[in-house]
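Have a look at the structure below before the remarks.
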Amino acid sequence: MTPPLDVGVVGVGHLGRHHARLYAQDKDVRLIGIVDRDRERAAAIASEYGCRVFDNEADLASKVDAVSVAVPTEHHREVAVNLIEAGAHVLIEKPLARSIEEAERINRAAEQRGRIVMVGHTERFNPAVRALADAIDKPRFFEIHRLAEFSARSTDIDVVLDLMIHDLDLLLALNGTDPVSVDAAGVAALTDKIDIANARIRFASGCVANLTASRISGKPVRRLRVFQARTYMSCDTGKRRVERHRLVLQDDGTPRIAHDFLPIEDVEPLACELATFVAAVRRGESPSIDGRQGQRALELAHRVGEVIAAQPGPVG
């Protein structure tokens, strides 16, 4: 039998505690320990899931094979590089880093030491997105809304890096070609960073995407609509539902609109993400969302941010 993979978590706040929970439930891994600057919180999580609290990420890395990094984005580069240089494979919550330079530093460190980097773009593992991806064929237009209620969490970054980057990553994966033009606008409303943004992106394939992201909405919305030849699909990633409308020909040759819902698996996206990471580490193979893909999404997010920053007048 293959022995369990020894794993750890750095940062057990809002997201990291779920990494710890799922690792503790997985019979194929052994949760060895956690690190968190809040020692009281770390002790509580460690007690709940039967693992140790370590003083720092380097000490943790010496005892495990792989680590989830769920600290604030501003600390991603430092923590990830420390782990990699100590010998650990890492799963880093999105975005990979604050800047392209920091992302490059992480990826170079991993490539030099032969370590795996995976980026936690969890929406890739949303079962509704997976069903949608299987049904997409040469998309022509995307309309995407990702709206969230205000939370003090993640205000160290703007809404493009916090929320829109989910959909930028999905677009790069679902369309499969490079962006050739970007137009964008955004404003700061409740924080000193952009809180609501809109972007229009044209890809080399000719596909166009219109995206809106807001973290000051009255209610959450996570909807992705796709238009392609004779087909329109609406994917609600929050409710995990994909509705499809297709133009089909009847037996007499007259057209009609066929309507159905795509079958959706009943799985937890984060559990699928962690399983993919563990499998990649075991096989020594690049995961489905590696560090370079995470950097590519970050580069597009920064491109959107640069266009917003160049717009005339104040953004705040």
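Each reported figure results from applying straightforward, stated rules to the coordinates on display, with no laboratory input. Just so we're clear, the structure is a prediction, and the values are computed from it rather than from any experiment. Every residue, glycine as well, gets a Cβ built from its backbone with ideal geometry; the counts of neighbours run over all protein chains shown.
Details
- In this label model, V180 and V221 are separated by 3.0 nm, measuring between points 7 Å along each Cα→Cβ vector.
- Note on the chain: helix-only mean residue ellipticity at 222 nm, from DSSP H runs of 4+ residues weighted -39500 (n - 2.57) and normalised by residue number, equals -10000 deg cm²/dmol.
- In degrees, nearest ten, helix 76-85 long axis to first principal axis of the chain (Cα): 50 degrees
- Relative exposure of M233, M118, judged by other C-beta atoms within 10 Å (fewest first): M233, M118
- Backbone HN-Hα couplings from phi across the stretch 29-42 [Karplus 6.51/-1.76/1.60, Hz, Gly and Pro as x]: 10, 10, 6, 8, x, 9, 10, 7, 5, 8, 5, 5, 5, 4
- ³J(HN,Hα), Karplus 6.51/-1.76/1.60, whole Hz, each residue of the stretch 275-288, x for Gly, Pro: 5, 5, 4, 4, 5, 5, 5, 4, 7, x, 10, 5, x, 5
- The chain - Rg and Dmax from Cα coordinates, angstrom: 20.6, 73
- Prolate/oblate/rounded label for the stretch 184-297 (Cα gyration tensor, a/c 1.5): oblate
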